[in-house]
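Enquirer: Here it is, the structure in full.
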Amino acid sequence: MQILEAWYRYVTKKSGARQPNLVIVLQDLESFEANMLRDFITICSEYRLRIPVVFIMGIATSTEILHQSLTKSTIGLLRIEKFWLEQSDVWFNRVLESVFIDSVHTLKFGARPYKFLLDHFYLYDFSMGRATASLKYALMHHFYGNPLSIFLPLMGKPDEHVRQTLKKWHESDVLSEHHTTNLRMLSSFRAHVDALADQNPQLALQLLDDDAFLLTEALPDFLRGLTRYQHEFQYGIELIRALQSQFSSNVGMRKSKRMLLLAALESRDGLTNSEIILWPTSLVRKLDPEGLDQLLQRIRPVAKRFGFEAPLQWDERLQTLLGADEAYQRKVANKLAGMVLPDEERRRTETAKKVQMQSMDHLKQAGTDKTKIAIEIADWISETLKSCLRSYTAVPMYELVYYTSAKLHEKSFSAQPRAAVQTGLGQSYHYLNCTCCTGKSKNQILPSEHDTCILYKLYLECGRMINLFDWFMAFGYVLGREKRSKSASEKEVQARFIRSVAELQFLGFIKPTQRKTDHVQRLTWSNM
């Protein structure tokens with residue numbers, strides 16, 4: 001404690017701070033010895049006037065453990081204040097929403113990297129450190145290996161600022177021919193030009209031939225389209241959340257934002273034809289006027305927050321319905337009962353779909369006001385969601401924002417023990433860093449190598465069934481070439497062979513077989 005006090009005085013004197021608190025974190029209180037913890041707290045209490053100590057104790061079970069571990073006199077030395085930390089999955093969802101949904105100008109993940117991020121978190125360690133490292137690695141890889149990453153910081157900026165910046169970069173040769181070539185090699189750009197070839201061939205030719213037009217005129221429009229898509233996608237996600245809150249009793253319809261994003265990324269068409277949209281809209285058609293009014297009250301703040309036109313055209317008709325005679329509405333509704341089959345009873349044939357559409361048109365023309373309004377609102381929600389939640393691959397130049405390279409990402413964050421073991425056994429000099437084991441060929445067997453490495457290289461030359469005696473004789477022949485004053489005895493060679501065989505069996509390369517007692521079965525065939 002005297003050393004700690006001297007260090008504390010030195011640090012505070014050097015920094016000029018006025019006696020800041022010295023925070024001591026006890027991450028897992030249950031793992032500490034009770035007597036040692038009591039003595040430590042008592043000693044720190046003696047120094048409290050010279051060193052203001054603050055303990056942060058992590059308790060995984062209950063606060064009762066504190067009273068069980070410490071005596072009353074020790075607890076009397078503490079001023080205890082409780083606080084709770086949120087679980088890691090809550091923080092993980094918050095990070096995903098803020099980075100991939102709520103923010104417009106950040107790097108987004110494609111389907112495969114995003115699924116890898118989710119699986120690695122929920123199926124392995126629930127580690128926020130690993131998730132943060134994965135995001136940092138994606139940023140590093142995107143900006144280091146992609147010359148087109150220079151355009152990502154322009155996302156979300158005003159149009160005039162983007163045009164002036166691109167024009168300045170083009171005139172000062174910051175943007176070279178390599179940038180235009182890489183832009184034209186993007187798959188989304190080629191698909192966009194192919195679509196323009198029939199509608200506006202002159203514009204398509206200008207995009208392919210004129211570098212200045214592509215960089216200073218067309219690229220700002222592409223970036224604005226990407227920003228608009230992100231904004232609309234965020235609006236569509238919030239609309240779905242509003243629908244889920246309206247039909248909260250339907251447990252199967254509840255999906256978190258991270259799962260909605262995963263479904264949108266994995267589908268080729270986005271969520272346009274997904275049950276995530278079709279199911280809620282079918283439920284909207286069955287709502288009564290009071291439910292429709294509640295739904296519109298949920299949707300209006302969302303539309304207003306994102307700058308979209310709020311659905312106000314049904315307010316007057318809904319208020320009329322809410323005050324109308326309920327008996328009359330029930331009488332008219334009974335006449336139309338049975339014209340529309342429930343969702344689970346619908347046939348999926350083309351004829352059934354045609355009859356269903358005809359019945360829907362008839363309901364719109366001759367149905368009650370309640371049915372007409374419900375169908376109109378459901379159609380508006382369906383069209384809005386299909387427009388907002390389309391696939392990101394349909395947006396030109398989406399590669400500028402979306403990180404889709406997953407192979408290097410998976411290789412860096414997924415353990416590959418088999419590859420490491422095979423490299424260590426087949427090329428041991430990579431790990432030992434010695435010159436005696438370095439041969440002209442990696443398949444060359446040297447007697448100076450480890451016994452298990454020698455046996456593994458002999459193992460690679462064997463078939464499905466390995467004769468132990470032949471294997472032992474080959475192993476002894478390799479050891480016989482070792483340069484040493486006294487050659488190894490047969491018992492020593494046999495002991496070293498048995499140990500190496502046991503290690504290969506433990507590593508999963510061989511297993512004993514009942515077919516031949518003097519043989520073992522080979523289990524691996526690929527040599528990485």
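Enquirer: For the structure I just gave you, tell me whether Leu271 is under 30 Å from Lys115 (Cβ atoms), touching a Leu at 6+ places or on another chain (Cβ under 9 Å) and not in a helix (DSSP H, G or I).
Expert: Details: under 30 Å from Lys115 (Cβ atoms): yes; touching a Leu at 6+ places or on another chain (Cβ under 9 Å): yes; not in a helix (DSSP H, G or I): yes.
Yes, satisfied.
Enquirer: Shifting gears a bit: Check Ile454 against each of (1) exposed (fewer than 15 other Cβ atoms within 10 Å of the Cβ); (2) of a type outside the set (D, E, K, R); (3) under 19 Å from Gln427 (Cα atoms) and name the one condition it does not meet.
Expert: Unmet condition: (1).
Enquirer: Condition test on Arg254, is it farther than 23 Å from Thr393 by Cα, among the basic types (Lys, Arg) and crowded, with 17+ Cβ neighbours inside 10 Å? Break it down stepwise before answering.
Expert: Numbers: farther than 23 Å from Thr393 by Cα: yes; among the basic types (Lys, Arg): yes; crowded, with 17+ Cβ neighbours inside 10 Å: no.
It is false that Arg254 is farther than 23 Å from Thr393 by Cα, among the basic types (Lys, Arg) and crowded, with 17+ Cβ neighbours inside 10 Å.
Enquirer: Which ones in the stretch 393-423 are open to solvent by less than 20 Å² (accessible area, probe 1.4 Å) and part of a helix (DSSP H, G or I)?
Expert: Leu400, His409, Gln422
Enquirer: Could you list, ordered by first residue, the pairs with Cβ atoms under 8 Å in which the first is in the stretch 504-528 and among the hydroxyl-bearing types (Ser, Thr, Tyr) and at pLDDT below 90 and the second is surrounded by 16 or more Cβ atoms within 10 Å (Cβ to Cβ) and assigned to a loop (DSSP other than H, G, I, E, B), at least 6 apart or interchain?
Expert: Partner pairs satisfying both residue conditions: Thr524/Phe509.
Enquirer: Which one is most open to solvent (accessible area, probe 1.4 Å) among residues in the stretch 263-292 that are charged (D, E, K, R) and within 16 Å of Ser387 (Cα to Cα)?
Expert: Just the residues of the stretch 263-292 that are charged (D, E, K, R), to begin with: 266, 268-269, 275, 285-286, 288, 290.
Adding the requirement that they be within 16 Å of Ser387 (Cα to Cα) leaves 268-269, 275.
Numbers: Arg268: 206, Asp269: 85, Glu275: 117 Å².
This residue is Arg268.
Enquirer: Working carefully through the options Arg18, Arg94, Arg48, find the one that is assigned to a helix (DSSP H, G or I), basic (Lys, Arg), free of Cβ contacts under 8 Å to residues at least 24 places away in the same chain and open to solvent by 60 Å² or more (accessible area, probe 1.4 Å). Before you say what the answer is, go through the steps one by one.
Expert: Numbers: Arg18 fails: assigned to a helix (DSSP H, G or I); Arg48 fails: assigned to a helix (DSSP H, G or I).
Checking each option against the conditions leaves just Arg94.
Enquirer: Among the residues of the stretch 1-15, how many are loosely packed, with under 11 Cβ neighbours inside 10 Å and either within 24 Å of Thr74 (Cα to Cα) or not aromatic (Phe, Trp, Tyr) (or both)? Give the steps one after another, and end with the answer.
Expert: Residues of the stretch 1-15 loosely packed, with under 11 Cβ neighbours inside 10 Å: 2-3, 6, 10, 13-15.
Pick out the ones that are also either within 24 Å of Thr74 (Cα to Cα) or not aromatic (Phe, Trp, Tyr) (or both) and you get 2-3, 6, 13-15.
Residues meeting the conditions: 6.
Enquirer: Right, something else. Would you pick out the residues in the stretch 293-309 that are open to solvent by less than 70 Å² (accessible area, probe 1.4 Å), over 20 Å from Gln230 (Cβ atoms) and in contact (Cβ under 8 Å) with a residue 40 or more places away in the chain?
Expert: Once the filter is applied, which keeps residues that are open to solvent by less than 70 Å² (accessible area, probe 1.4 Å), over 20 Å from Gln230 (Cβ atoms) and in contact (Cβ under 8 Å) with a residue 40 or more places away in the chain, the stretch 293-309 yields Leu295, Leu296, Ile299.
Enquirer: When you scan the stretch 36-93, how many residues do you find that are over 30 Å from Leu118 (Cβ atoms), charged (D, E, K, R) and within 41 Å of the chain's Cα centre (by Cα)? Spell out how you get there, then give the answer.
Expert: Our first condition is that a residue be over 30 Å from Leu118 (Cβ atoms); within the stretch 36-93, this holds for 36-57, 62-82.
Pick out the ones that are also charged (D, E, K, R) and you get 38-39, 46, 48, 50, 64, 72, 79, 81-82.
Retained after the next criterion (residues that are within 41 Å of the chain's Cα centre (by Cα)): 64, 81-82.
Of the residues in that region, 3 qualify.
Enquirer: Determine if the stretch 108-127 includes at least one residue that is over 11 Å from the mean Cα position of the chain (by Cα) and either touching a residue at least 40 places away in the same chain (Cβ under 8 Å) or crowded, with 16+ Cβ neighbours inside 10 Å (or both). Spell out the reasoning first.
Expert: Filtering the stretch 108-127 down to residues over 11 Å from the mean Cα position of the chain (by Cα) leaves 123-127.
Okay, now just the ones that are also either touching a residue at least 40 places away in the same chain (Cβ under 8 Å) or crowded, with 16+ Cβ neighbours inside 10 Å (or both), so none.
Among the residues of the stretch 108-127, not one is over 11 Å from the mean Cα position of the chain (by Cα) and either touching a residue at least 40 places away in the same chain (Cβ under 8 Å) or crowded, with 16+ Cβ neighbours inside 10 Å (or both), which makes the answer no.
Enquirer: Follow-up. I'm checking my understanding of the structure. Among residues of the stretch 74-100 that are in contact with a helix residue (DSSP H, G or I) (Cβ under 8 Å, 6 or more places away or on another chain) and among the charged types (D, E, K, R), which one is farthest from Ile237 (Cα to Cα)? Give the derivation first.
Expert: Initial filter on the stretch 74-100 (in contact with a helix residue (DSSP H, G or I) (Cβ under 8 Å, 6 or more places away or on another chain)): 74-75, 77-78, 80, 88-89, 91-93, 95-97, 99-100.
Subsequent filtering for residues that are among the charged types (D, E, K, R) retains 89, 97.
Details: Asp89: 20, Glu97: 11 Å.
That would be Asp89.
Enquirer: Kindly indicate whether any position in the stretch 397-418 is at pLDDT 85 or above and farther than 30 Å from Asp221 by Cβ.
Expert: No.
Enquirer: Could I ask something else about it? Taking the residues in the stretch 237-251 that are part of a loop (DSSP other than H, G, I, E, B) and out of contact with any helix residue (DSSP H, G or I) (no Cβ under 6 Å at 6 or more places or on another chain) as candidates, determine which candidate is surrounded by the most Cβ atoms within 10 Å (Cβ to Cβ). Reasoning before the result, please.
Expert: Restricting attention to the stretch 237-251, the residues satisfying the condition of being part of a loop (DSSP other than H, G, I, E, B) are 247-250.
When the remaining residues are screened for being out of contact with any helix residue (DSSP H, G or I) (no Cβ under 6 Å at 6 or more places or on another chain), the result is 248-250.
Details: Ser248: 9, Ser249: 6, Asn250: 13.
This residue is Asn250.
Enquirer: Continuing with this model, one more query. Can you tell me which residues in the stretch 21-45 are open to solvent by less than 70 Å² (accessible area, probe 1.4 Å) and β-branched (Val, Ile, Thr)?
Expert: Hits for the stretch 21-45 are Ile24, Ile41, Thr42.
Enquirer: Let me ask something else. Name the single residue that is farthest from the chain's Cα centre (by Cα) among those in the stretch 128-147 being surrounded by fewer than 17 Cβ atoms within 10 Å (Cβ to Cβ) and of a type in the set (A, V, I, L, M).
Expert: This residue is Met140.
Enquirer: Follow-up. Go through the residues of the stretch 85-96 one by one and say whether even a single one is modelled with pLDDT of 85 or more and under 30 Å from Leu183 (Cβ atoms).
Expert: Looking through the stretch 85-96, at least one residue is modelled with pLDDT of 85 or more and under 30 Å from Leu183 (Cβ atoms).
Enquirer: Here's another thing I want to ask about it. So which residues in the stretch 88-112 are of a type in the set (S, T, N, Q) and more than 17 Å from Phe151 (Cβ to Cβ)? Step through it out loud before you land on a result.
Expert: The initial filter retains those residues of the stretch 88-112 that are of a type in the set (S, T, N, Q), namely 88, 93, 98, 103, 106.
Those that are of a type in the set (S, T, N, Q) and more than 17 Å from Phe151 (Cβ to Cβ): Ser88, Asn93, Ser98.
Enquirer: Taking the stretch 177-191 as the region of interest, how many residues are open to solvent by less than 50 Å² (accessible area, probe 1.4 Å) and farther than 16 Å from Phe213 by Cα?
Expert: 2
The values are calculated or read from the model by the stated rules, or taken from the named source; none is laboratory data. Everything quoted here is computed from the prediction, not taken from an experiment. Neighbour counts are summed over all protein chains in view; Cβ atoms, including those assigned to glycine, are modelled from backbone coordinates with ideal geometry. Protein only, heavy atoms only, side chains kept; ligands, DNA and RNA dropped before computing areas. Shrake-Rupley method; radii C 1.70, N 1.55, O 1.52, S 1.80 Å.
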